[in-house]
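The values are calculated or read from the model by the stated rules, or taken from the named source; none is laboratory data. Just so you know, these numbers come straight off a predicted model, no measurement behind them. FYI the Cβ positions are ideal-geometry reconstructions off the backbone, even for glycines, and counts take in every protein chain you see.
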Amino acid sequence: MSLPSRPRPLPQPEAPTKTLLVVEDDRATLSLYRAGLKGLPGFKILMAENGGQAMEVLRHEPVHVLVTDLNMPVMDGFNLIAKASRFYPQVPIIVMTGLDQSQHLNTPLQLGAIRILTKPPRLTILMDAIKAAAALEPSGLIRGIGLNSILQLLNWEKKSCTLTVNSEAGMGLMYLKNGEVVHAAYRAEEGLPAAYEILTWDRPDIEFVETCRVEQTIDLALTELLMNAAMLSDHRRPEFGEA
């Protein structure tokens with residue numbers, strides 16, 4: 001008598017490895033995108049109804065592709081593209097709009113978007129555009145080298161760039177002009193507090209793009225910044241023998 005065969009385990013869905021942020025003020029259209037883009041494998045999908053909400057998401061989440069409408073309340077798509085490409089240049093931006101070229105004059109591309117799709121786009125075209133944008137590699141990915149060493153190297157080379165620093169603590173951004181750190185951001189913190197927080201992280205992964213468009217909020221020389229961060233880190237570290 002043969003034993004009944006065991007049922008084969010169902011294949012597990014692919015765990016999301018990238019994050020897509022869709023910005024659209026029309027809730028019905030937003031629902032359509034939410035349903036239609038479920039067929040996009042490997043992506044976690046976040047939604048926002050205007051540019052203001054989108055900027056909040058960008059401050060707290062590592063976003064890999066941003067898809068946005070242009071005409072929206074609170075902060076329109078033009079302002080969102082300008083701000084996102086300034087503070088988050090590592091995030092590729094795709095525009096979906098009902099405006100024709102004579103109305104938008106390709107301004108989104110001049111502000112930093114990589115592609116404009118006519119709204120409503122065919123779902124397959126939109127999904128292909130998202131996958132292509134997610135496949136774009138940043139200028140550099142660095143692992144196994146301490147952030148201090150990387151900053152010193154960039155300082156020697158007088159580089160201007162934006163660093164995306166990922167660790168167990170979260171995601172932070174550091175902006176350099178001519179090799180000096182001029183701004184930093186981590187969640188709601190900006191400037192020196194954010195820089196000191198990021199500099200305490202242990203063995204982060206670092207990506208960089210060779211552009212820096214932010215205004216300066218930090219005017220310390222890199223050597224002084226790193227020295228202060230080291231002192232703060234030592235102060236936070238418990239004394240030997242403490243519980």
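Right, Thr118: closer than 14 Å to Asp25 by Cβ, touching a Gly at 6+ places or on another chain (Cβ under 8 Å) and touching a residue at least 12 places away in the same chain (Cβ under 8 Å) or not? Don't jump to the end; show me each part of the working.
Working: closer than 14 Å to Asp25 by Cβ: no; touching a Gly at 6+ places or on another chain (Cβ under 8 Å): yes; touching a residue at least 12 places away in the same chain (Cβ under 8 Å): yes.
It is false that Thr118 is closer than 14 Å to Asp25 by Cβ, touching a Gly at 6+ places or on another chain (Cβ under 8 Å) and touching a residue at least 12 places away in the same chain (Cβ under 8 Å).
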message: On the basis of being out of contact with any strand residue (DSSP E or B) (no Cβ under 6 Å at 6 or more places or on another chain), among the charged types (D, E, K, R) and outside the structural domain of Ala82 (by TED's automatic domain parsing), does Glu190 make the cut?
response: yes
field: Failed item in (1) surrounded by fewer than 15 Cβ atoms within 10 Å (Cβ to Cβ); (2) under 30 Å from Leu30 (Cα atoms); (3) without any contact (Cβ under 8 Å) to a residue 60 or more places away in the chain, with Ala188 passing the rest
entry: (3)
- line: Restricted to region 151-173 and to residues being assigned to a strand (DSSP E or B) and small (Gly, Ala, Ser), the residue surrounded by the most Cβ atoms within 10 Å (Cβ to Cβ) is Gly172
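Given the structure, is Ala54 crowded, with 23+ Cβ neighbours inside 10 Å and out of contact with any Gly (no Cβ under 8 Å at 6 or more places or on another chain)? Working first, answer last.
Details: crowded, with 23+ Cβ neighbours inside 10 Å: yes; out of contact with any Gly (no Cβ under 8 Å at 6 or more places or on another chain): yes.
Judged against the criteria, Ala54 is a match.
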field: Lone unmet requirement of (1) modelled with pLDDT of 90 or more; (2) touching a helix residue (DSSP H, G or I) at 6+ places or on another chain (Cβ under 8 Å) for Leu40
entry: (1)
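Just checking, how many residues over region 136-149 are in a loop (DSSP other than H, G, I, E, B) and at pLDDT 85 or above?
Our first condition is that a residue be in a loop (DSSP other than H, G, I, E, B); within region 136-149, this holds for 136-139, 143-146.
Remaining after also requiring at pLDDT 85 or above: none.
Count: 0.
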message: Anything in region 28-45 that is in a helix (DSSP H, G or I) and either among the polar types (S, T, N, Q) or surrounded by fewer than 16 Cβ atoms within 10 Å (Cβ to Cβ) (or both)? List them, or say none.
response: Ala28, Thr29, Ser31, Leu32, Arg34, Ala35, Gly36, Lys38, Gly39
field: Qualifying positions in region 63-115 - within 17 Å of the chain's Cα centre (by Cα) and part of a strand (DSSP E or B)
entry: Val65, Leu66, Val67, Thr68, Ile93, Ile94, Val95
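Please find, within region 97-124, the residue that is surrounded by the fewest Cβ atoms within 10 Å (Cβ to Cβ) out of those that are modelled with pLDDT of 90 or more and hydrophobic (A, V, I, L, M, F, W, C).
Quick first cut of region 97-124, residues modelled with pLDDT of 90 or more only: 113-117.
From what's left, hydrophobic (A, V, I, L, M, F, W, C): 113-114, 116-117.
Working: Ala113: 25, Ile114: 17, Ile116: 20, Leu117: 15.
Filtering first and then ranking leaves Leu117.
Would you please name the residue that is surrounded by the most Cβ atoms within 10 Å (Cβ to Cβ), looking only at residues in region 194-221 that are touching a Cys at 6+ places or on another chain (Cβ under 8 Å) and in a loop (DSSP other than H, G, I, E, B)?
In the first step, residues of region 194-221 are kept if they are touching a Cys at 6+ places or on another chain (Cβ under 8 Å); the result is 208-212.
Next, from what is left, pick out any that are in a loop (DSSP other than H, G, I, E, B): 210-212.
Values: Glu210: 12, Thr211: 15, Cys212: 20.
Ranking the qualifying residues of region 194-221, first place goes to Cys212.
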